[in-house]
Amino acid sequence: MPEIKVTPLGAGQDVGRSCILVSIAGKNVMLDCGMHMGYNDDRRFPDFSYITQNGRLTDFLDCVIISHFHLDHCGALPYFSEMVGYDGPIYMTHPTKAICPILLEDYRKITVDKKGETNFFTSQMIKDCMKKVVAVHLHQTVQVDEELEIKAYYAGHVLGAAMFQIKVGCESVVYTGDYNMTPDRHLGAAWIDKCRPDLLITESTYATTIRDSKRCRERDFLKKVHETVERGGKVLIPVFALGRAQELCILLETFWERMNLKAPIYFSTGLTEKANHYYKLFITWTNQKIRKTFVQRNMFEFKHIKAFDRAFADNPGPMVVFATPGMLHAGQSLQIFRKWAGNEKNMVIMPGYCVQGTVGHKILSGQRKLEMEGRQILEVKMQVEYMSFSAHADAKGIMQLIRQAEPRNVLLVHGEAKKMEFLKQKIEQEFHVNCYMPANGETTTIFTNPSIPVDISLGLLKRETAIGLLPDAKKPKLMHGTLIMKDNSFRLVSPEQALKELGLAEHQLRFTCRVHIQDPRKEHETVLRVYNHLKGVLKDYSVQHLPDGSITVESILIQATAHSEDQGTKVLLVSWTYQVGILEDIHFNQF
Amino acid sequence: MAAHLKKRVYEEFTKVVQVSAEGSELCRVTPQQHEDLSAKKLRLTKPSKSAALHVDLCKATSPADALQYLLQFARKPVEVESVEGVVRILLEHYYKENDASVRLKIASLLGLLSKTAGFSPDCIMDDAINTLQNEKSHQVLAQLLDTLLVIGTKLTENPSVRMRLVEVACKHLTDSSHGVRNKCLQLIGCLGPVEKGVAKEAESQAAKDVQKIIGDHFNDQDPRVRTAAIKAMLQLHERGLKLQQAIYGQACKLLADDYEQVRSAAVQLIWVLSQLYPESIVPIPSSNEEIRLVDDAFGKICHMVSDGSWVVRVQAAKLLGSMQQVSSHFLEQTLDKKLMSDLRRKRTAHERAKELYSSGEFSSGRKWGDDAPKEEIDTGAVNLIESGACGAFVHGLEDEMYEVRIAAVEALCMLAQSSPSFAEKCLDFLVDMFNDEIEEVRLQSIHTMRKISNNITLREDQLDTVLAVLEDSSRDIREALHELLCCTNVSTKEGIHLALVELLKNLTKYPTDRESIWKCLKFLGSRHPTLVLPLVPELLSTHPFFDTPEPDMDDPAYIAVLVLIFNAAKSCPTMPALFSDHTFRHYAYLRDSLSHLVPPLRLPGRKLVSSPVSPSITPHEDPSQQFLHQSLERVYNLQHLDPQGIQELLEFTIRDLQRLGELQSELAGMADFTATYLQCQLLLIKVLFSRALQEKLWNVAAPLYLKQNALASAAAKQILEETYKMEFMYSGVESRQVVIIHHMRLQAKALQLIVTARTTRGVEPLFGMCEKFLQEVDSFQRCFISELPQMQGSFVDKLLDLMPRLVTSKPSEVVKILQTTLRQSTFLHLPLPERLHRASANIIEPTGESDNPLRFTSGLVVALDVDATLEHVQDPQGTVKVQVLYPDGQAQLIHPKPADFRNPGPGRHRLITQVYLSHTAWTEPCQIEVRLLLAYNSNKSKAATKIAKSTWNESLEALPQPENGIEGTIPFSKPVKVYIMPKPARR
């Protein structure tokens, strides 16, 4: 029985360090190669020794696929390819290929330069790694080798995020990466066709959440910013450089445009500026509105948003500033926060989750007095707001995707075990398909039932379809032919041709059957009677009375002879080839 | 006259010659010409087209050649009489032809030919059916069936033909090509018998149940055929056949089809069935319950709102709106979305907003964890994929494609209009849509809200969100919002206050919105008098003890507040007691200057005296209308008085009417119209009885009368202009008025003739003029023959009596006769139509107030934004032009694009366009004038076209079109001056 094996090295009943091994029809594919944010030791990268102890990775893996540029999906890539050693192809979409190295470099800088770690990958390694990357377009079918093909689908989530279909023969697996089923201000919704894969590997971050409309959140956000600016206050929005920041920028930019507002919006420079550049380039990956209007104006050419300079923070009057990092634990955002915290007119909006121990987490939990370094006490008078803008599919979205793709099996990754349990139960209940949720290192085996394509000659097909009614797509149809398996190929040919090809002589099988009838009349009278009866019964067939005293009904031959012993008994000899059908209509027991 | 006739005949003759020459050149006549000349075609002897084609086709050596000939042939039209011959030739070649592509072209030509107007294709039907018999190529078969479809649609009256075609189609349904099956189904759908029982048993069994035949193909292996089958079913429905309920089950299965076009068509089919059998009961699968079919269908269509293909989503969302019979609890489910977080129930932002509101706490800042999830949810009870309608609109409104969102908003609107409780529920969602990223969607949702506004009352927090949109930079959005506020119900006085504050904010930000905001406040005030009452002291900033400073009367914001208060005071008699003295004075002023915004108020007696103007100018509608009619009566009765008296009376009446028009906006159109008419009459009388025409021309030296003559001809010209204005500038003018107007024009022309006769020496030019004039009289008679009896004693009546004499007499005599007839003729009573509105335009932008010249490099172009409102203009796309007048007298006429016109309400249009200016360099900035013109074309006037048509049919001789299409323009807006400065280009 053919089978698909899936082993998560990371992201199995867990969030972070996404790395899933899939073996399908003899091909091995690695999906994502991420790092874990929670660890600083060896556990931050997936355990690649699982794949092979001593051989080269390239021999074991046919390809690596990266779904998007978030570090928990691509963070371990240079380590994997350069330090562990992998030379095979790495597939990702164009935007991911463009943005990924920026993030990796940033990550490397923080780990090596700030934390002083050694034995980490270098800038050169990132470059070398990126050279192995093959970029793919949406909906482009890429032949990895003769049998293995992959295809990318739009996934929303962040710029360039994609879902991948991996297909060998007629077995297929779809890996979603992270995706979002509701559109936002800069990206569209994930979409997949009815590809009916054998297995769908989906993320399940929000397995137990159904989210409210995005509009309310956006409106609240805009209203707060607007009110504060009108009061003359300053708004600080700590963000991570990529993804949400761009969405919020677009949101504010269009709002400023719509409402004709004049207060300046600033964006902290550096990483983000570079990223914005790529957003401008990859317009086709954004949502309908941006795609349709970019000819008049590229939405990422911000009119109201300008680069931030440290000196601007002390400027009087209202302003809005986006600053990194997002959790207020260091850097520019913290500096600005300290400057503005004392004024109750100002406001800070946290657009994402904050880790415990950071300033962000403290103020969100309501702390109004913060102890800064140097025993300084900072009194927070400014308003603190929390707005969640997350771009994962919620439970409904996941179900919607499953409904669209119609997979035969579902496997959940990238989520907490407890939440997965709920979703698993729901999926099994609603779609009646098997659902799996393996832990890291645990292998799930799925048996598939692949259909095997067979070549059939057109002549035979036409001949067979001509018999009987129109072919019906939904019903199987019986046909006559000979299946020849030769040289790894299957062919269905007509019996005659099969005989010819194989050089065999044709043997005809005839069945005979004797029926005894009590009939005192003469033989030819009996024959006549049988003939008349058959004529009456089988109106649709040609019944013939041959001069030699036998009857033929199509290919069936009937002869009557008198019984050697008992002249009152006639023996009816019925002989037919293997072609049933008419016989069922003849009931000899009527005699 | 005789000369003229001769000339016309000659023209005709030359034309004919020309055409026949063309005809011999294989009739290279463009279709348009073809139509024009169709009347004359009859006389032509044309070469046989069929013969030519036959020769061509026989000459063809290869299929490619033949194809070329056929293509060439297809470019030319074929006359009705020769169609059949051509068809025969084509068929003959069809049988001979071996190449499938040529046969395909012939088949398509057959279809084209049978479409020829006036040709009845029943004679070729048999042949067409015969060709099907031996055809092997599937493409040609499909094309032939298409031809049969064309033939069938032309012969729908004949049931036996239809029956036969349907039978043919049924026979080919088993074809292996999807194209052929497609066409067969289409044919059955278009021609299948619709009436039950008409099909006789003898006819055939096949045609008996078309529905079953089509239904069988719902499961075809080809998606295109499945789509065609559903479409054919829908076609049958459209033609009036009642579809069987049994199809419903099949249709539901098709909703899960792999192909979007099948799903899209299936959604339509389900909708149709739900409208046919709303009350039937269908079982719910996997349970014992049963529900109404319309509810079930509603649920299924709702499900399609989250389909993978946006085409289907749009389709589904659109259809939802028209399912009015759905039970209310199903309807309300569409807005339902249960939220949860970590398996705990969470409230939606809408619910939270509502609670905040009901607990009295408004607009509190949100805290971390404010939306913290509450109670645990039973995992078993959560249904992630609902079978029913749950959340369909929630999905639709959040869709990625704006097309879907717009469709969803429209559907919401339609459902909410029929169900007040649903309207109340969908309010939150509509309000959310006000912040959509696409302007169209925002606008649509604002309009929707307005349409359902009588069913709803806005909560304060909702109002807050609505009002936030007032700052939108798009004028359309703001104006739509003002309209919405006009008919909104607000629940509290804080709401009113909030609305006022936001509107004033809007006013300071966008001063051009002034009118719109005032209007909005007018309705807001008159709808909520009791809510405004407690706000009055605050709004007028009055103080019980101290006098407060008198506000500036010209401040638009202050006027806005007053408009609100005065309109509220209309139905709240206690309010005026709260006014201070200056308020009363301001009232009097506003009542006079902005009478359309400030209603008449019953003020306490003392104040009445202090503002004496107000009561006198508040006449009721009836008296003013009466007054209008009385003054007209008076004029019409006085036809036989001496000229002096008439002139004075006319002058007074005109003055009265003009004043009336200014005061009573409802009667303005009528008053202006009649005033213009009387003005024409007055001018006519003045000239006729002036000394210039009194004296005998022949014995006085002409130069003495030069000035008088100039005056007279100017008057004639003015009358002409005024008549065009009367005809084209007013909407609601009926043919009764058109006659009078044309009559007046005729008189003006007569006057012109008389004046020219007096000023010009020599007879030669007069000949032509006289002839032309007589021609016009002639066409007038023809056009308005039915109205002539009502014009007893009028100028034209008398003229027609004298016609035989006029035709034969010399120009000088003609002039003399005309002069006397003009003087003797009575002046005609102008009947007034029910409603009459004068077209008017108001240029909002440019304002003409800017002192900053618009600088641009000479030779290059600068775009000037023009924004204008048009009222009572019919077909503005065709008639409204923008004129730019440069200081050097150069004038430029710009035709705005049709898309630049918007239609915000009945009778109102809005022109927002860009005008491109360019000029050579100037030394200093100068002003140009921009104005709107109303273009007219007397050919296109209603009466003229009507008459033209009827005469065409009666006689084939070509009449010169009445007045031969005089085109012109009428300025109908105040010109606006724009300061521009073309700079010389830097080298």
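The values are calculated or read from the model by the stated rules, or taken from the named source; none is laboratory data. Not measured: the values here are computed from a predicted model. Virtual Cβ from ideal backbone geometry, glycine too; neighbours counted across all protein chains shown. Keep in mind that these areas ignore ligands, DNA and RNA; they rest on the heavy atoms of the full protein, side chains included. Shrake-Rupley method; radii C 1.70, N 1.55, O 1.52, S 1.80 Å.
Leaving out ligands, DNA and RNA, and with a 1.4 Å probe, what % of the accessible surface on the protein assembly as shown is carbon or sulfur? Within the protein assembly as shown, the accessible surface is 52 percent carbon and sulfur. Of interest is the spacing of the C-alpha centroids, which for segment B:474-489 and segment A:28-83 amounts to 58 Å. Hey, quick one: spin label on B:A577, modelled 7 Å out along Cα-Cβ, who in segment B:528-548 has an amide N within reach, i.e. under 16 Å? Output list for this probe position: B:530, B:533-537, B:544.
For chain A, the direction-averaged projected area of the alpha-carbon convex hull comes to 39.9 nm². For segment A:239-313, a simple Cβ point-charge model (Lys and Arg +1, Asp and Glu -1, everything else neutral) yields a dipole of about 180 debye relative to the Cα centre. Taking a sphere under 12 Å around the Cβ of B:E135 and counting the other residues whose Cβ falls inside, with K and R at +1 and D and E at -1, yields a net charge of 0. Put a plus charge on the Cβ of each Lys and Arg, a minus charge on the Cβ of each Asp and Glu, and nothing anywhere else: the dipole of chain A about its Cα centre is then about 2660 debye. Roughly how many Å² of B:W518 are accessible to a 1.4 Å probe, to the nearest 10? Its accessible surface works out to 10 Å², give or take rounding. Shown in residue order for segment A:24-32 are the 3J(HN,Hα) couplings computed by the Karplus curve 6.51 cos²θ - 1.76 cosθ + 1.60 at θ = phi - 60°: 9, 6, x, 9, 10, 10, 9, 9, 6 Hz (x for Gly and Pro).
Take every pair of alpha-carbon atoms less than 8 Å apart whose residues are at least six positions apart; their mean separation over the length of chain A yields a relative contact order of 14 percent.
Ellipsoid fit via the Cα gyration tensor, segment B:76-148: semi-axes of 20, 12, 11 Å, each the root of five times an eigenvalue, largest first. Length gained on full extension, B:E550 to B:T756, computed as 0.36 nm times the residue gap minus the Cα-Cα distance: 67.8 nm. Neighbours of B:P420, meaning other residues whose beta-carbon lies under 15 angstrom from its beta-carbon, give a summed charge of 0 when Lys and Arg score +1 and Asp and Glu score -1.
Coupling constants for segment B:652-659 follow from the phi torsions by the Karplus curve (6.51 cos²θ - 1.76 cosθ + 1.60, θ = phi - 60°), and in residue order they are 5, 4, 4, 4, 4, 4, 4, 5 Hz; glycine and proline get x.
Taking segment B:299-314 and a reference point 7 angstrom along Cα→Cβ of A:D193, the backbone N atoms nearer than 13 Å belong to B:309. One Cα centroid belongs to segment B:236-270, the other to segment B:809-827; the line between them spans 76 Å. A straight line joining the Cα centroids of segment B:410-435 and segment A:479-551 runs 73 Å. By the rule of a C-alpha distance below 15 Å, with chain neighbours fewer than 8 residues away ignored, the aspartates and glutamates paired with A:K115 are A:D41, A:E105, A:D106.
A straight chain from A:K274 to A:H329 at 0.36 nm per residue would run longer than the Cα-Cα distance by 17.5 nm.
For the protein assembly as shown, the Kirkwood hydrodynamic radius from C-alpha pairs, put into Stokes-Einstein at 37 °C and a viscosity of 0.692 mPa s, yields a diffusion coefficient of 79 µm² per second. The residues A:K303, B:K983, sorted by heavy-atom accessible surface at 1.4 Å with ligands and nucleic acids left out, run A:K303, B:K983 from largest to smallest. Between B:A935 and B:R736, the FRET efficiency estimated from the beta carbon spacing at R0 = 25 angstrom works out to 0.50. Farthest toward the positive end of the dipole of the protein assembly as shown, out of B:F689, B:F795, B:P121, is the Cα of B:F689, where the dipole comes from beta carbon charges about the Cα centre.
Treating r as the C-beta distance of B:N637 and B:L885 and R0 as 35 Å, the FRET efficiency rounds to 0.20.
Ranked by the mean number of other Cβ atoms within 10 Å of their residues, highest first, the peptides A:200-210, B:548-558, B:258-268, B:466-476 come out as A:200-210, B:258-268, B:466-476, B:548-558. Using a cutoff of 8 angstrom between alpha carbon atoms and counting only pairs six or more residues apart, the relative contact order for segment A:399-556 works out to 11 percent.
With both labels modelled 7 Å from their Cα along Cα-to-Cβ, the B:E439 to B:E538 distance reads 3.5 nm.
Placing dummy labels 7 Å off each Cα toward the beta-carbon, the span from B:E871 to A:D87 is 8.4 nm.
Label-to-label distance, A:F240 versus A:E416, with points set 7 angstrom from Cα along the beta-carbon direction: 1.8 nm.
Rounded to the nearest 20, the Cβ-based charge dipole of the protein assembly as shown about its Cα centre (Lys and Arg +1, Asp and Glu -1) stands at 3320 debye. Checking the cross-link pairs A:K292/B:K509; A:K151/A:K274; B:K451/B:K881; A:K539/B:K136; A:K223/B:K519; A:K274/A:K306 against a 21 Å limit on the alpha carbon distance flags A:K292/B:K509; A:K151/A:K274; B:K451/B:K881; A:K539/B:K136; A:K223/B:K519 as lying beyond it. The simple Förster model, with R0 at 22 Å and r as the Cβ-Cβ distance, assigns B:D127 and A:K462 a FRET efficiency of 0.15. Based on DSSP H segments of at least four residues, each scored -39500 (n - 2.57), the protein assembly as shown has a per-residue ellipticity at 222 nm of -14000 deg cm²/dmol. Simple rule: put +1 on each Lys or Arg Cβ and -1 on each Asp or Glu Cβ in chain A, find the dipole, and look at A:Q13, A:V320, A:N488; the Cα lying farthest toward the positive end is A:V320. Positive end of the dipole of the protein assembly as shown (Cβ unit charges, origin at the Cα centre): among B:A392, B:P804, B:H743, the Cα lying farthest that way belongs to B:P804. Take every pair of alpha-carbon atoms less than 8 Å apart whose residues are at least six positions apart; their mean separation over the length of segment A:191-338 yields a relative contact order of 35 percent.
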